[in-house]
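Peer 1: Could you have a look at this structure, given as structure tokens, before my questions?
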Amino acid sequence: QVQLVESGGGVVQPGGSLRLSCAVSGITVSLYTMGWYRQAPGKQRELVASHTSGGTTNYADSVKGRFTISRDNAKNTVYLQMNSLKPEDTAVYSCRASYFGSAYWGKGTLVTVSS
């Protein structure tokens, strides 16, 4: 059974940092494109960052220079380092693993940026 479990969310002040983790079991992360998505209240889910098995990364314009996606294949875990957080970054953040026609999602972790 494939499981993706996100952690690391919480409440942080504007300008602060958080690191999200996505622990994966049941598949080999090194073979998959891993992505972080977010969905804010009343908005559509959007891609925040992705990391291919070959190491290519892609970021939404709104987070470039502030967020960094990385993976530890030995731990089968993907991370999202978020710096200089803004109130508009408030959302549920979910990770996704995709490989050709297969895709798996985690349930998400809530990030709230508020003073």
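The values are calculated or read from the model by the stated rules, or taken from the named source; none is laboratory data. Predicted model only: the values in this text are computed from it and were never measured. Note that we place each Cβ from the backbone using ideal geometry, even for glycine, and neighbour counts take in every protein chain shown. These area figures cover heavy atoms from the full protein model, side chains too; ligands, DNA and RNA do not enter into them. Shrake-Rupley method; radii C 1.70, N 1.55, O 1.52, S 1.80 Å.
Peer 1: So, in region 3-27, exactly how many residues are more than 17 Å from the chain's Cα centre (by Cα) and open to solvent by 30 Å² or more (accessible area, probe 1.4 Å)?
Peer 2: 4
Peer 1: Does region 45-58 hold any residues that are surrounded by 11 or more Cβ atoms within 10 Å (Cβ to Cβ) and more than 23 Å from Ser114 (Cα to Cα), and which are they?
Peer 2: Quick first cut of region 45-58, residues surrounded by 11 or more Cβ atoms within 10 Å (Cβ to Cβ) only: 45-53, 57-58.
Scanning region 45-58 gives Ser50, His51, Thr52, Ser53, Thr57, Asn58.
Peer 1: Ok, one more. Test Val111 against the criterion of being modelled with pLDDT under 95, of a type outside the set (D, E, K, R) and open to solvent by less than 20 Å² (accessible area, probe 1.4 Å), and give yes or no. Steps first, please.
Peer 2: Working: modelled with pLDDT under 95: no; of a type outside the set (D, E, K, R): yes; open to solvent by less than 20 Å² (accessible area, probe 1.4 Å): yes.
For Val111, the condition - modelled with pLDDT under 95, of a type outside the set (D, E, K, R) and open to solvent by less than 20 Å² (accessible area, probe 1.4 Å) - is not met.
Peer 1: What are the residues in region 1-47 that are out of contact with any Gly (no Cβ under 8 Å at 6 or more places or on another chain) and of a type in the set (Lys, Arg), if any?
Peer 2: Hits for region 1-47 are Arg38, Lys43, Arg45.
Peer 1: Same structure, new question: What is the residue count in region 4-33 for residues that are polar (S, T, N, Q) and touching a residue at least 60 places away in the same chain (Cβ under 8 Å)?
Peer 2: Within region 4-33, the subset polar (S, T, N, Q) is 7, 13, 17, 21, 25, 28, 30, 33.
From what's left, touching a residue at least 60 places away in the same chain (Cβ under 8 Å): 7, 13, 17, 33.
So the count comes out to 4.
Peer 1: Continuing with this model, one more query. Can you tell me which residue is farthest from Asn76 (Cα to Cα) among those in region 6-53 that are of a type in the set (Ser, Thr, Tyr) and in contact with a Phe, Trp or Tyr (Cβ under 8 Å, 6 or more places away or on another chain)?
Peer 2: Tyr37
Peer 1: Same structure, new question: Does Arg66 qualify as being of a type in the set (Lys, Arg) and more than 27 Å from Ser115 (Cβ to Cβ)?
Peer 2: Judged against the criteria, Arg66 is not a match.
Peer 1: For region 28-44, give me each residue that is open to solvent by 60 Å² or more (accessible area, probe 1.4 Å), more than 12 Å from the chain's Cα centre (by Cα) and of a type outside the set (A, V, I, L, M).
Peer 2: So in region 28-44, the residues open to solvent by 60 Å² or more (accessible area, probe 1.4 Å) come out as 28, 31, 39, 41-44.
Next cut, more than 12 Å from the chain's Cα centre (by Cα) only: 28, 31, 41-44.
The answer is Thr28, Pro41, Gly42, Lys43, Gln44.
Peer 1: So which residues in region 70-108 are free of Cβ contacts under 8 Å to residues at least 12 places away in the same chain and either buried (at least 18 other Cβ atoms within 10 Å of the Cβ) or polar (S, T, N, Q) (or both)?
Peer 2: Ser102
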